[in-house]
Amino acid sequence: MGNICRSPMAERLLDRAVRDRAGGTEEQLVRSVSAGTGGWHEGEEMNPPAARQVRARRGTDAGFLARKLRGDFIDEADLILTATADQYDYVVALRPDAAERTFVLGEFGRLLGAVDREALPPAGPKPEVVRQRGAAIVAAVHRLRDGEAPLLTDDLDDPWGRGDQTFQRVGDEIEDTTVPLAALLLP
């Protein structure tokens, strides 16, 4: 909501997962950016327990500043992952044409395992190849969704104000999607 806990964790953990799959290449293969549906934390750094989780998982919190979601961010995105179904509804209300590329993170991860790898375009360590394969993955997950709403269990708990154990669990849940996504993008 405020872009200081779950979403920056997801942004930075996806970056790290892609970098790991790409063998540490310095070329940016995926651009992952987060934004919050509430703007009361704009310009703030990542919440300290969230930052600790990112660093513990070999990611970086350096340079992160919270920002509020805007329509142009949605327009530029190939994939929009939200922490909750309520946030999904917010995105789709703002940009109805983004529904086919907007998912609750847990929903996307749950459906990702059923994607037919053989039907995807070839993989490769070039940004344009990763983007083409990524678009095919998003389309495949959308087809697998088949009009069904996300499950309540797809939502990520908001760890704000809770202990490190909750942030660790949320980090694990984020990686349940980001690591397989990176593996499918760059097998």
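Assorted remarks:
- In the stretch 115-132, the qualifying residues are those that are open to solvent by 30 Å² or more (accessible area, probe 1.4 Å) and in a helix (DSSP H, G or I), and the one that is farthest from Leu79 (Cα to Cα) is Glu118.
- Residues being acidic (Asp, Glu) and closer than 15 Å to Ser32 by Cβ - total across the stretch 56-74: 1
- Residue that is outside any helix (DSSP H, G or I), open to solvent by 30 Å² or more (accessible area, probe 1.4 Å), out of contact with any Gly (no Cβ under 6 Å at 6 or more places or on another chain) and at negative phi, where the choices are Glu148, Glu173: Glu148
- Subset of the stretch 151-170 (residues that are assigned to a helix (DSSP H, G or I), charged (D, E, K, R) and either surrounded by 21 or more Cβ atoms within 10 Å (Cβ to Cβ) or in contact (Cβ under 8 Å) with a residue 40 or more places away in the chain (or both)): Asp154, Asp164
Let's see how each residue does on (1) under 19 Å from Ala17 (Cα atoms); (2) in contact with a Lys or Arg (Cβ under 6 Å, 6 or more places away or on another chain); (3) among the aromatic types (Phe, Trp, Tyr):
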residue	(1), (2), (3)
Asp86	no, no, no
Ala93	no, no, no
Ala114	no, no, no
Pro122	no, no, no
Gly134	yes, no, no
Asp155	no, no, no
Phe167	yes, no, yes
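- Meets criteria (without any contact (Cβ under 8 Å) to a residue 12 or more places away in the chain and either within 25 Å of Val130 (Cβ to Cβ) or open to solvent by 70 Å² or more (accessible area, probe 1.4 Å) (or both)) for Pro8: no
- Highlighted here are the helices (runs of 4 or more DSSP H) found entirely within the stretch 33-114 that include at least 1 residues which are crowded, with 20+ Cβ neighbours inside 10 Å and within 15 Å of the chain's Cα centre (by Cα): 48-56, 85-94, 105-112.
The values are calculated or read from the model by the stated rules, or taken from the named source; none is laboratory data. What you are looking at is a predicted structure, and each value in this text was computed from that prediction instead of being measured. Reconstructed Cβ throughout: ideal geometry from the backbone, glycine too, with neighbour counts over all protein chains shown. Ligands, DNA and RNA are excluded from the accessible area calculation, which covers all protein heavy atoms including side chains. Shrake-Rupley method; radii C 1.70, N 1.55, O 1.52, S 1.80 Å.
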